[in-house]
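Comments concern the structure below.
The values are calculated or read from the model by the stated rules, or taken from the named source; none is laboratory data. Note that this is a predicted model, so its numbers are computed, not measured. Positions of Cβ are backbone-derived with ideal geometry, glycine not excepted, and every protein chain shown enters the neighbour counts.
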Amino acid sequence: MYITNIKVLGLLFILNAAFLGATAQPLEAKLASTSNMATLSNRQVNRTAPKKGKAITQSAVAGLSIEGHYLARAIEGFDDSCDINADITKVKNVYHYKLYVAGKVHKGILKVSHSNNQGVRYIIFTGIPWALNEGDISQLKDDEEPKSLKLPVGISGSWSNNEIMIQNSGNAMNHYVQLDACDQKYIRMVKQVH
(Lines give C-alpha, C1' and ligand atoms only; values in the text may rest on other atoms or scores of the structure.)
Protein backbone atom coordinates (compact mmCIF):
# COMPACT_ATOMS: atom_id res chain seq x y z
CA MET A 1 0.00 0.00 0.00
CA TYR A 2 1.23 3.49 -0.81
CA ILE A 3 -0.30 6.41 1.04
CA THR A 4 -1.14 9.21 -1.37
CA ASN A 5 -2.37 11.73 1.19
CA ILE A 6 -3.65 12.09 4.76
CA LYS A 7 -6.41 14.29 6.14
CA VAL A 8 -6.40 14.86 9.90
CA LEU A 9 -9.81 15.51 11.42
CA GLY A 10 -9.49 15.67 15.21
CA LEU A 11 -8.73 12.16 16.41
CA LEU A 12 -9.64 10.66 13.06
CA PHE A 13 -7.55 10.65 9.94
CA ILE A 14 -8.47 9.50 6.47
CA LEU A 15 -5.85 7.92 4.24
CA ASN A 16 -6.16 7.81 0.48
CA ALA A 17 -4.14 4.76 -0.42
CA ALA A 18 -3.44 2.87 -3.59
CA PHE A 19 -2.97 -0.89 -3.24
CA LEU A 20 -0.27 -2.04 -5.67
CA GLY A 21 -1.53 0.00 -8.61
CA ALA A 22 -5.24 -0.11 -7.73
CA THR A 23 -7.22 3.12 -7.51
CA ALA A 24 -6.99 5.24 -4.38
CA GLN A 25 -9.30 4.14 -1.57
CA PRO A 26 -10.12 6.10 1.58
CA LEU A 27 -9.26 4.34 4.85
CA GLU A 28 -10.09 5.48 8.35
CA ALA A 29 -8.10 4.91 11.53
CA LYS A 30 -8.11 6.48 14.98
CA LEU A 31 -4.90 8.16 16.10
CA ALA A 32 -3.30 7.77 19.51
CA SER A 33 -1.98 11.34 19.11
CA THR A 34 -2.55 13.89 16.35
CA SER A 35 -0.01 16.46 17.57
CA ASN A 36 2.94 14.42 16.32
CA MET A 37 1.50 13.13 13.02
CA ALA A 38 3.93 13.06 10.12
CA THR A 39 3.19 13.75 6.48
CA LEU A 40 3.49 10.35 4.82
CA SER A 41 3.01 11.23 1.17
CA ASN A 42 3.77 8.26 -1.14
CA ARG A 43 5.55 6.33 1.62
CA GLN A 44 5.37 2.55 1.48
CA VAL A 45 3.79 0.99 4.58
CA ASN A 46 2.20 -2.37 5.41
CA ARG A 47 0.51 -4.03 2.43
CA THR A 48 -2.68 -4.64 4.38
CA ALA A 49 -4.96 -1.75 5.22
CA PRO A 50 -5.79 -1.02 8.87
CA LYS A 51 -9.32 -1.96 9.80
CA LYS A 52 -11.74 0.87 10.45
CA GLY A 53 -11.31 2.12 14.01
CA LYS A 54 -7.97 0.37 14.64
CA ALA A 55 -5.62 2.46 16.79
CA ILE A 56 -2.29 3.35 15.21
CA THR A 57 0.46 4.57 17.53
CA GLN A 58 2.94 7.29 16.66
CA SER A 59 5.87 4.87 16.61
CA ALA A 60 4.04 2.47 14.27
CA VAL A 61 3.39 5.31 11.84
CA ALA A 62 6.94 6.65 11.99
CA GLY A 63 8.62 3.23 12.01
CA LEU A 64 11.65 4.24 14.13
CA SER A 65 12.25 4.62 17.85
CA ILE A 66 13.89 7.57 19.58
CA GLU A 67 14.29 5.57 22.79
CA GLY A 68 17.82 4.58 23.73
CA HIS A 69 21.22 5.66 25.02
CA TYR A 70 23.07 8.37 23.07
CA LEU A 71 26.76 9.33 23.27
CA ALA A 72 28.36 12.51 21.93
CA ARG A 73 30.49 11.89 18.85
CA ALA A 74 32.61 14.28 16.83
CA ILE A 75 31.03 15.61 13.66
CA GLU A 76 32.84 14.55 10.50
CA GLY A 77 35.72 16.93 9.85
CA PHE A 78 36.03 17.96 13.52
CA ASP A 79 38.30 16.42 16.16
CA ASP A 80 36.24 17.16 19.25
CA SER A 81 32.99 16.13 20.81
CA CYS A 82 31.49 17.29 24.11
CA ASP A 83 31.11 15.49 27.42
CA ILE A 84 27.38 14.91 26.84
CA ASN A 85 25.18 11.83 26.69
CA ALA A 86 21.47 11.13 27.01
CA ASP A 87 19.07 8.37 27.96
CA ILE A 88 15.62 8.56 26.38
CA THR A 89 12.75 6.36 27.54
CA LYS A 90 9.04 6.21 26.79
CA VAL A 91 6.43 5.67 29.49
CA LYS A 92 2.71 5.71 28.62
CA ASN A 93 3.33 7.48 25.27
CA VAL A 94 5.45 10.21 26.89
CA TYR A 95 9.18 10.50 26.22
CA HIS A 96 11.45 11.20 29.20
CA TYR A 97 15.13 12.11 29.18
CA LYS A 98 18.19 12.19 31.38
CA LEU A 99 20.78 14.49 29.84
CA TYR A 100 24.28 14.22 31.31
CA VAL A 101 26.32 17.37 30.64
CA ALA A 102 29.85 17.61 32.07
CA GLY A 103 28.92 15.77 35.28
CA LYS A 104 25.53 17.45 35.76
CA VAL A 105 22.27 15.52 35.24
CA HIS A 106 19.14 17.15 33.78
CA LYS A 107 15.84 15.22 33.78
CA GLY A 108 12.50 15.96 32.19
CA ILE A 109 10.06 15.38 29.39
CA LEU A 110 11.34 15.21 25.82
CA LYS A 111 8.90 16.90 23.46
CA VAL A 112 8.89 15.27 20.03
CA SER A 113 7.26 16.56 16.85
CA HIS A 114 7.63 15.81 13.16
CA SER A 115 9.06 18.03 10.47
CA ASN A 116 8.03 18.20 6.83
CA ASN A 117 11.21 16.25 6.03
CA GLN A 118 10.56 12.48 6.23
CA GLY A 119 12.42 10.76 9.04
CA VAL A 120 13.32 13.98 10.86
CA ARG A 121 11.79 14.80 14.23
CA TYR A 122 12.21 18.01 16.18
CA ILE A 123 12.96 17.49 19.86
CA ILE A 124 13.09 19.70 22.94
CA PHE A 125 14.76 18.72 26.21
CA THR A 126 12.27 20.66 28.37
CA GLY A 127 13.16 22.48 31.59
CA ILE A 128 16.80 23.36 30.82
CA PRO A 129 17.51 27.11 30.58
CA TRP A 130 19.90 28.34 27.91
CA ALA A 131 23.33 29.56 29.02
CA LEU A 132 23.28 32.79 26.96
CA ASN A 133 20.86 34.75 24.75
CA GLU A 134 22.00 38.13 23.40
CA GLY A 135 20.10 38.34 20.11
CA ASP A 136 21.53 40.45 17.26
CA ILE A 137 24.97 41.75 18.27
CA SER A 138 26.18 42.49 14.74
CA GLN A 139 25.41 46.22 14.96
CA LEU A 140 26.95 46.87 18.40
CA LYS A 141 29.80 49.34 18.74
CA ASP A 142 33.03 48.14 20.41
CA ASP A 143 32.19 49.72 23.77
CA GLU A 144 28.49 48.84 23.67
CA GLU A 145 27.10 46.00 25.79
CA PRO A 146 24.47 43.65 24.32
CA LYS A 147 20.90 43.82 25.60
CA SER A 148 19.96 41.51 28.40
CA LEU A 149 17.34 39.15 26.94
CA LYS A 150 15.28 36.58 28.77
CA LEU A 151 16.84 33.13 28.63
CA PRO A 152 14.69 30.60 26.77
CA VAL A 153 14.03 27.30 28.50
CA GLY A 154 14.37 24.05 26.57
CA ILE A 155 17.29 22.70 24.54
CA SER A 156 16.10 22.16 20.98
CA GLY A 157 17.49 19.94 18.27
CA SER A 158 16.55 17.34 15.70
CA TRP A 159 16.54 13.54 15.55
CA SER A 160 17.14 11.52 12.40
CA ASN A 161 18.66 8.10 11.65
CA ASN A 162 19.38 7.40 15.34
CA GLU A 163 21.30 10.66 15.80
CA ILE A 164 20.47 13.78 17.77
CA MET A 165 21.84 17.08 16.42
CA ILE A 166 21.75 20.27 18.50
CA GLN A 167 22.86 23.65 17.17
CA ASN A 168 24.47 24.78 20.40
CA SER A 169 25.35 28.34 19.43
CA GLY A 170 24.27 31.02 17.02
CA ASN A 171 26.09 33.79 15.16
CA ALA A 172 26.30 37.60 15.34
CA MET A 173 22.76 37.96 13.96
CA ASN A 174 21.37 35.67 16.68
CA HIS A 175 23.97 35.19 19.41
CA TYR A 176 23.11 32.41 21.86
CA VAL A 177 24.55 29.37 23.62
CA GLN A 178 22.25 26.55 24.71
CA LEU A 179 24.73 24.48 26.76
CA ASP A 180 27.82 26.34 28.02
CA ALA A 181 29.60 23.12 29.06
CA CYS A 182 30.24 22.52 25.35
CA ASP A 183 32.10 24.98 23.13
CA GLN A 184 31.09 23.24 19.89
CA LYS A 185 28.65 24.97 17.51
CA TYR A 186 26.92 21.64 16.83
CA ILE A 187 26.48 18.76 19.25
CA ARG A 188 26.02 15.32 17.72
CA MET A 189 24.83 12.37 19.81
CA VAL A 190 24.64 8.89 18.31
CA LYS A 191 22.31 6.13 19.56
CA GLN A 192 24.19 3.13 20.90
CA VAL A 193 22.94 -0.10 19.37
CA HIS A 194 23.63 -3.29 21.31
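Does region 150-158 contain any residue that is buried (at least 18 other Cβ atoms within 10 Å of the Cβ), touching a residue at least 24 places away in the same chain (Cβ under 8 Å) and within 21 Å of GLY68 (Cα to Cα)? Within region 150-158, one or more residues are buried (at least 18 other Cβ atoms within 10 Å of the Cβ), touching a residue at least 24 places away in the same chain (Cβ under 8 Å) and within 21 Å of GLY68 (Cα to Cα).
When HIS175 is tested against (1) under 21 Å from GLY68 (Cα atoms); (2) at pLDDT below 90, just one condition goes unmet, and that condition is (1). Among the residues of region 101-153, those that are more than 18 Å from the chain's Cα centre (by Cα) and of a type in the set (Ser, Thr, Tyr) comprise SER138, SER148. Going through region 68-102 one residue at a time, which ones are loosely packed, with under 15 Cβ neighbours inside 10 Å, aliphatic (A, V, I, L, M) and in a strand (DSSP E or B)? Listed by number, the residues that qualify are LEU71, VAL91, VAL94.
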